[in-house]
Amino acid sequence: MAKKITGPQLILANRLDDGRAVFLTAAGAWSKQVAEAAVANSEEELTGLLSVAQAAEVSNQVVSVTPVAADVSGDAVAPAHIKFAMQSKGPSVRSDLGYQVSPNWE
Amino acid sequence: MYAYDTFDHAMVNARVAEFRDQVERRMTGELTEEEFRPLRLMNGLYLQLHAYMLRVAIPYGTLSADQMRKLAHIARKYDKGYGHFTTRQNIQYNWPKLSETPDILQELADVEMHAVQTSGNCIRNVTTDQFAGATADEVADPRPYAELIRQWSSFHPEFSFLPRKFKIAITGAKTDRAAIKWHDIGLVVKENDEGEIGFEVLAGGGMGRTPVIAKTVRDFLPVQDLLSYLEAMLRVYNEQGRRDNKYKARIKILVEAMGVEEYARQVEAEWEKIRHIPIDVPEEEVARIKAFFAPPPLAVLADDVPAVDELAGKNFIFKAWLANNTGAHKVPGYANVTISLKPHGGIPGDASDEQMDLVADLADTYSQSEIRVSHEQNLILPHVAKKDLPELWQKLDEAGLGTPNAGLLTDIIACPGLDYCSLANTRSIPIAQTITERFDDMKRLMDIGPLKIKISGCINSCGHHHAGHIGILGVDRKGTENYQILLGGSGGEDASKAAILGPGFDEDGIVDAVEKVVAVYLGEREEGEEFLAAYRRLGPDTFKEAVYGAH
Ligand code: HEM
Ligand code: SF4
């Protein structure tokens, strides 16, 4: 059954082994960079992405699959809510260690 | 310090082996996340925003230098080079890998530490006064009793699935530094008129969305009855605490609902039934445990040390450190030293692996290889000879550990907040950083005097904002971070609930609001009157007017 959505959505999860926040891409891979996240613009698209994500959950790649509202107004897509935006950026403190230093930071 | 016996070792090692097997089965998919989650939580492993988080217990806040070195080693090898000391005398690692946690737990077991019961609806790490056994103002060292409770509550089959988490704190001193009235059960060691040692027993304290201050259940409980009485207290709660609603499941709700007299009556009735079965341990066992906590053999030294006074006379920072970060010891010529983990602009409670190693080395040199962790997220070196204070201070200062602000406005408690925590509404740490930068002036801080600011990133209240002289609570305001200010709380023996002053602020506004509150205090205080006393005398209106303007 299609999920009700009120706007564009992206899929967020944590990798099983290290818990790193990752985003489902259009190719069905998991990226550390939110800019690469696939955006679902309809309930059908969201259902499609979720089935890919849930398969990754079953095959022990990720946990905690969460569809979140996407903000598509900027240059790159980002989670709309502060909580998930924080999750995509890493801690705002210890910038000597964080995602800010290198987007590929583990 | 307590040393594990063969039972302790066997139990903890068996738990590590069991968890190693569970992790392997999770990695291969034999266990689903749903099946695995409760298992990892029983071992202190959470999943947070960016990574797993491992919470390691520091029983009653006491660590040996070697244990601290192990914590440093774990931070270095398995994490990103730091750890976070928490209000419940635990340490949290923010970046462990799932597949490596069994190794971490094994390394901890090697130094007699674990993460058992640091999560879940069980009896958690028992916390106490960070100066226990070393302070001049105590009736008796509470740690032997805390250790008894640890042994009794570890893997207690009947109390592994309580309605909700259960936190016990115990103090042996008149000044309550362990916030016992904010715990599910609080114990105060006291002496009765006959000179016997026992406990005042309190229950039903807690924070979260319904803050409640614990009430006295029994005025005097003889020491030998401690465990059977606790068993009775837990039984009544376990049977009658609400399991239908997570927010009403803590003992505070039960005690409020039935009234403390009725709760006490039921506990006494239950106790009568069970007190004669051997739950309490024989006197010899208590003596055996007490022996581990025997005070170190300290030769009495001169209490006045001219070199200390001399340095204090010419160095204001040392003088401030002496006044704020050292406290009276039981034995003349010694002091308890608080190492502030609150550098101005820094992260409250964080320590790097190098700092942990240094503290371990300093403990070997100056404090009988003993270290304490306080609920205010600082480290303590007990039993330091006063003559060593100048040298110790210099070494701490060089490592960024000499901030002389213990008990002052910048000694802030802050929870991890939205920088790490998946339950958060807002960040907490950056607010603490901005406040400490804004007040980065020791003369001004000394003038303001004792003032406790406590910050939580959501209503769960891990940052104790209900007990803050100034409390700050992060709320979600239409998807943006918003901060409420509360005034008048206390976690001490004069415990009180802080009250919300008015509408919330954004990140900058909350810091301005703190400044305005402090300005009111400075303008209105009477000779020698501390912030909390001034607030209690003045009431909220004067502060409200200054913060929100006249209406
Ligand atoms: C980052 C992961 C954390 C999570 C998921 C978490 C979760 C929670 C939750 C759900 C509660 C409310 C319990 C209730 O009212 O029934 C709570 C309370 C509390 N937590 Fe945490 N917490 C975290 C970190 C911390 C830290 C870092 C500290 C210490 C600085 C801490 C200390 C406390 C304290 C003191 C309480 C209040 C206990 C009470 O309600 O009486 N927690 N926590
Ligand atoms: S108070 Fe809220 S935000 Fe802070 S650590 Fe606890 S659960 Fe997380």
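The values are calculated or read from the model by the stated rules, or taken from the named source; none is laboratory data. Since we're looking at a predicted model, the values are computed, not measured. Quick reminder, even Gly has a Cβ in these numbers, built from the backbone with ideal geometry, and neighbours come from all protein chains shown. Accessible surface is based on the protein model in full, side chains and every heavy atom, while ligands, DNA and RNA are left aside. Shrake-Rupley method; radii C 1.70, N 1.55, O 1.52, S 1.80 Å.
Results, tabulated for the structure shown:
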{"quantity": "Pair list, Cβ < 6 Å and 6+ apart or interchain, from the stretch A:15-26 residues that are facing chain B (nearest Cβ under 9 Å) to residues that are basic (K, R)", "calculated": "A:D17/B:K97; A:D18/B:K97"}
{"quantity": "Residues being more than 9 Å from every other protein chain (Cβ to nearest Cβ) and open to solvent by 30 Å² or more (accessible area, probe 1.4 Å) - total across the stretch A:73-82", "calculated": "5"}
{"quantity": "In the stretch B:383-440, residue surrounded by the most Cβ atoms within 10 Å (Cβ to Cβ) [restricted to those that are more than 12 Å from ligand 1 (Cβ to nearest atom) and at positive phi]", "calculated": "B:H383"}
{"quantity": "Where A:I11 falls short, out of the listed (1) surrounded by fewer than 17 Cβ atoms within 10 Å (Cβ to Cβ); (2) among the β-branched types (V, I, T); (3) in a strand (DSSP E or B)", "calculated": "(1)"}
{"quantity": "Residue within the stretch B:331-351 that is loosely packed, with under 15 Cβ neighbours inside 10 Å and small (G, A, S) present", "calculated": "yes"}
{"quantity": "Top-ranked residue of the stretch B:441-463 - restricted to ones that are out of contact with any helix residue (DSSP H, G or I) (no Cβ under 7 Å at 6 or more places or on another chain) and within 16 Å of ligand 1 (Cβ to nearest atom), ranked as nearest to the other protein chains (Cβ to nearest Cβ)", "calculated": "B:C458"}
{"quantity": "Within the stretch A:83-96, tally of residues that are surrounded by fewer than 18 Cβ atoms within 10 Å (Cβ to Cβ) and either at the interface with chain B (Cβ under 7 Å from one of its Cβ atoms) or hydroxyl-bearing (S, T, Y) (or both)", "calculated": "2"}
{"quantity": "Criterion violated by B:I91 - all others in (1) among the β-branched types (V, I, T); (2) in a helix (DSSP H, G or I); (3) within 16 Å of ligand 2 (Cβ to nearest atom) satisfied", "calculated": "(2)"}
{"quantity": "Residue among B:A179, B:A173 that alone is of a type in the set (A, V, I, L, M, F, W, C), open to solvent by less than 10 Å² (accessible area, probe 1.4 Å), over 26 Å from B:I279 (Cα atoms) and within 16 Å of ligand 2 (Cβ to nearest atom)", "calculated": "B:A179"}
{"quantity": "Residue within the stretch B:478-493 that is in contact with a Pro (Cβ under 7 Å, 6 or more places away or on another chain), closer than 26 Å to B:D541 by Cα and within 16 Å of ligand 1 (Cβ to nearest atom) present", "calculated": "no"}
{"quantity": "The stretch B:161-174: number of residues that are under 16 Å from B:V126 (Cβ atoms) and not hydrophobic (A, V, I, L, M, F, W, C)", "calculated": "4"}
{"quantity": "Any hit, the stretch B:501-521, residues being surrounded by 18 or more Cβ atoms within 10 Å (Cβ to Cβ), touching a residue at least 24 places away in the same chain (Cβ under 8 Å) and within 13 Å of ligand 1 (Cβ to nearest atom)", "calculated": "no"}
{"quantity": "B:K454 vs. criteria more than 16 Å from ligand 2 (Cβ to nearest atom) and in contact (Cβ under 8 Å) with a residue 24 or more places away in the chain", "calculated": "no"}
{"quantity": "Selection status of B:E370, open to solvent by 10 Å² or more (accessible area, probe 1.4 Å) and either within 16 Å of ligand 1 (Cβ to nearest atom) or out of contact with any His (no Cβ under 8 Å at 6 or more places or on another chain) (or both)", "calculated": "no"}
{"quantity": "Looking only at the stretch B:189-246, and only at residues there that are within 16 Å of ligand 2 (Cβ to nearest atom) and outside any loop (DSSP other than H, G, I, E, B), the one that is modelled with the highest pLDDT", "calculated": "B:G206"}
{"quantity": "Residue that is farthest from the other protein chains (Cβ to nearest Cβ), among those in the stretch B:464-477 that are surrounded by fewer than 24 Cβ atoms within 10 Å (Cβ to Cβ) and within 16 Å of ligand 1 (Cβ to nearest atom)", "calculated": "B:V475"}
{"quantity": "Output for the stretch B:63-87, where each listed residue is in contact (Cβ under 8 Å) with a residue 40 or more places away in the chain and within 16 Å of ligand 1 (Cβ to nearest atom)", "calculated": "B:L71, B:A75, B:Y82, B:G83, B:H84, B:F85, B:T86, B:T87"}
{"quantity": "Some residue of the stretch B:311-319 being closer than 30 Å to B:E147 by Cβ and of a type in the set (G, A, S)", "calculated": "no"}
{"quantity": "Any hit, the stretch B:63-77, residues being away from chain A (no Cβ under 14 Å), more than 16 Å from ligand 2 (Cβ to nearest atom) and among the polar types (S, T, N, Q)", "calculated": "yes"}
{"quantity": "Restricting the stretch A:35-72 to residues that are assigned to a loop (DSSP other than H, G, I, E, B) and more than 14 Å from chain B (Cβ to nearest Cβ), the residue that is least open to solvent (accessible area, probe 1.4 Å)", "calculated": "A:A38"}
{"quantity": "Test: residue in the stretch B:95-104 that is away from ligand 2 (no atom under 16 Å from the Cβ), among the polar types (S, T, N, Q) and within 23 Å of B:T127 (Cα to Cα)", "calculated": "no"}
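Yes or no, residue by residue, for (1) free of Cβ contacts under 8 Å to residues at least 60 places away in the same chain; (2) assigned to a strand (DSSP E or B); (3) hydroxyl-bearing (S, T, Y); (4) farther than 10 Å from B:M207 by Cβ:
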{"residue": "B:N460", "(1), (2), (3), (4)": "no, no, no, no"}
{"residue": "B:G463", "(1), (2), (3), (4)": "no, no, no, no"}
{"residue": "B:H466", "(1), (2), (3), (4)": "no, no, no, no"}
{"residue": "B:I472", "(1), (2), (3), (4)": "yes, yes, no, yes"}
{"residue": "B:V475", "(1), (2), (3), (4)": "yes, yes, no, yes"}
{"residue": "B:E481", "(1), (2), (3), (4)": "no, yes, no, yes"}
{"residue": "B:Q484", "(1), (2), (3), (4)": "yes, yes, no, yes"}
{"residue": "B:E493", "(1), (2), (3), (4)": "no, no, no, yes"}
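The rows are residues; the columns are (1) more than 10 Å from ligand 2 (Cβ to nearest atom); (2) within 19 Å of B:P503 (Cβ to Cβ).
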site	(1), (2)
B:S422	no, no
B:M442	yes, no
B:H464	no, no
B:A467	yes, no
B:D476	yes, yes
